[in-house]
1. Go over the candidates Val76, Val116, Val62 one by one and state the one that is at pLDDT below 95 and either over 14 Å from the mean Cα position of the chain (by Cα) or closer than 24 Å to Val146 by Cβ (or both).
2. Within the stretch 27-39, is there a residue that is assigned to a helix (DSSP H, G or I), farther than 18 Å from Thr109 by Cα and touching an Asp or Glu at 6+ places or on another chain (Cβ under 9 Å)?
3. So Asn139 ticks every box in (1) surrounded by 13 or more Cβ atoms within 10 Å (Cβ to Cβ); (2) within 17 Å of Ala42 (Cβ to Cβ) but one. Which box is left unticked?
4. If you scan the stretch 97-128, which residues turn out to be over 19 Å from Ser64 (Cβ atoms), free of Cβ contacts under 8 Å to residues at least 24 places away in the same chain and exposed (fewer than 15 other Cβ atoms within 10 Å of the Cβ)?
5. Does Leu56 satisfy the criteria of being under 24 Å from Ile110 (Cβ atoms) and either at pLDDT below 95 or not polar (S, T, N, Q) (or both)?
6. With respect to Gly136, determine if the residue is free of Cβ contacts under 8 Å to residues at least 60 places away in the same chain and outside any strand (DSSP E or B).
7. Give me the pairs, please: first residue somewhere in the stretch 51-69 and crowded, with 18+ Cβ neighbours inside 10 Å, second residue anywhere and small (Gly, Ala, Ser), beta-carbon distance under 7 Å, and either six or more positions apart or on two chains.
8. Filter the stretch 129-149 for residues that are over 30 Å from Ile110 (Cβ atoms), in contact with a Lys or Arg (Cβ under 9 Å, 6 or more places away or on another chain) and among the polar types (S, T, N, Q) and give the result.
Amino acid sequence: MNKIKRSPPATAAGVLTIAMFLGIAFVDSSTAQQSEMDKVQAANNAYYAALSARDLQAMELVWSDTAEVVNVAPPVRPSAHQGQEAVRKNYIEFWSTLDQLTVSMEKPTIVIRGSVAWVYGIENAHRRTKGGENSGGPNFGTSIFVNEGGRWLMVFHQAALIPQRH
């Protein structure tokens, strides 16, 4: 009859060593994930800063330079603008109607899966047209970013007006 050779029972020191190793690996992974979350948050903040400043050069740094990018805007009369040139043209046309624009997302939710991240939440928007008309309110905003060469760049944005109850 064959006897099964058993390994000696794990020692407390061995278990502790393994647990410490796994703990360190977990902390390192968690730290790396937080670092990527911070980068996506910074990219999202850069988008809203460029939008509010109506700064085309800053906005071009936020977006990926591909034909596949899509911006569904403006929230009051949404239309899909596909490709870097169409997105750029939309910003130029929309901004030319405004004297003032401020848009922010105070509490975004960020999800990262590999080299893709999406951000969603409530945008707070305030606009003043060149004619002096004030408007604004909450929008539901969604952005998708891809990691290109270590930089998180926007490939999709949509803002949907949230109707106000009176």
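The values are calculated or read from the model by the stated rules, or taken from the named source; none is laboratory data. Computed from a prediction, not measured in an experiment: that's the story for all the values here. With ideal geometry, Cβ positions are generated from the backbone for all residues, glycine too; neighbour counts draw on all protein chains shown.
1. Working: Val116 fails: at pLDDT below 95; Val62 fails: at pLDDT below 95.
Exactly one residue qualifies, and that residue is Val76.
2. Looking for residues that are assigned to a helix (DSSP H, G or I), farther than 18 Å from Thr109 by Cα and touching an Asp or Glu at 6+ places or on another chain (Cβ under 9 Å), one finds none in the stretch 27-39, hence no.
3. Against the list (1) surrounded by 13 or more Cβ atoms within 10 Å (Cβ to Cβ); (2) within 17 Å of Ala42 (Cβ to Cβ), Asn139 comes up short only on (2).
4. Glu106, Lys107, Thr109
5. Numbers: under 24 Å from Ile110 (Cβ atoms): no; either at pLDDT below 95 or not polar (S, T, N, Q) (or both): yes.
No.
6. Working: free of Cβ contacts under 8 Å to residues at least 60 places away in the same chain: yes; outside any strand (DSSP E or B): no.
So Gly136 fails the test.
7. Filtered contacts from the stretch 51-69: Met59/Ala50; Val62/Ala43; Val62/Ala46; Val62/Ala50; Val69/Gly83.
8. Filtering the stretch 129-149 for residues over 30 Å from Ile110 (Cβ atoms) gives 129-134.
Add one more test, that the residue is in contact with a Lys or Arg (Cβ under 9 Å, 6 or more places away or on another chain), and what stays is 133-134.
Across the stretch 129-149, the qualifying residue is only Asn134.
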